[in-house]
1. Can you work out ³J(HN,Hα) from phi for every residue in the range 101-112, in order, using Karplus 6.51 cos²θ - 1.76 cosθ + 1.60 and θ = phi - 60°, giving whole Hz and x for Gly and Pro?
2. Using the per-residue mean of other Cβ atoms lying within 10 Å as a proxy for protection, in what order, highest first, do the peptides 56-62, 42-48, 104-110 fall?
3. With θ set to phi - 60°, apply the Karplus curve 6.51 cos²θ - 1.76 cosθ + 1.60 along the range 153-168 and write out the HN-Hα couplings as whole Hz, x wherever there is a Gly or Pro.
4. Out of the range 138-192, which GluC sites (Glu not before Pro) are coil in DSSP terms and have no more than 16 other C-beta atoms within 10 Å?
5. Taking amide H positions as placed 1.01 Å from N in the peptide plane, with prolines and chain starts having none, which residues 5 or more places from W188, or on another chain, fall under 5 Å of its amide H?
6. For K186, list the lysines whose Cα falls under 24 Å from its own Cα; do not include residues on the same chain fewer than 8 positions away.
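Laboratory data are not the source of any read-out in this text; all were calculated from the coordinates shown. Quantities reported herein were computed from a predicted structural model and do not represent experimental measurements. Using ideal geometry, Cβ is built from the backbone for each residue, glycine included, and neighbour counts are taken over all protein chains shown.
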Amino acid sequence: MENALGLTGYQATMMTIVFALGILGIGGLLMAIFWPKRWKMKYRMEIGFVVLLAVLVWYADRKSTEVYSAYQADLNESGELSVDGYEAAGEFDRTLRVIAFQWGFAFLTDEDEISRNAAVVQPGERVLFEIISNDVIHGFNIPAVGITTEFGPGENRQVWIRAPKEPGKYLIQCLNYCGVGHAQMKAWLVVEGPEEGGEV
């Protein structure tokens, strides 16, 4: 997986092209203002510029689709999780392993069931989250229960919450900028009630 915070890859290429076009645009504006003789752009230059923009949009869309598809493919869990400092494992009603990746969360139960968008719990449960990152620094924030933590690749982070007593869906989000898809890195803490029946 490509590191979205790195200095290589298609994102850096696109930023370089956008920066170059910005410099050319500023240069063209200065020429228009200070050039002694009135200069008019030829139509073929305008058409070339429009074609260049269309190619850039096509390229960005193709690469974004490739990256998105790679992140939606089967996840390979990296790192080992431990529960050091939690010898009394019975003090938690539920333990969920969380794999953070660009740009989402995967939740694994003790029965090795996986959900990419929801951590399903019961009202009032004490839930231990064992969190790892597959790529870059991420954040894990559940505003409804007032918990926030930050973790990087190779780190094992453990936080626990008491689930809200009111059934419903509560936002889980990443609070550390982790790449262009950061704003969409969200999931749900689903507190089941009688009406949910286990459906997410």
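1. Karplus-based 3J(HN,Hα) across the range 101-112 equals 8, 6, 9, x, 10, 10, 10, 10, 8, 4, 8, 6 Hz.
2. On the way: 56-62: 12.1, 42-48: 9.3, 104-110: 17.4.
The most tightly packed comes first, giving 104-110, 56-62, 42-48.
3. With the stated coefficients, the range 153-168 comes to x, x, 8, 10, 10, 10, 9, 10, 9, 9, 4, x, 7, 8, x, x Hz.
4. Details: sites: E150, E155, E192; in loops: E155, E192.
Taking the range 138-192 and a limit of 16 other Cβ atoms within 10 Å, the loop GluC sites (Glu not before Pro) found are E155.
5. A118, A119, I172
6. Excluding near neighbours in sequence, the set is K63, K165, K169.
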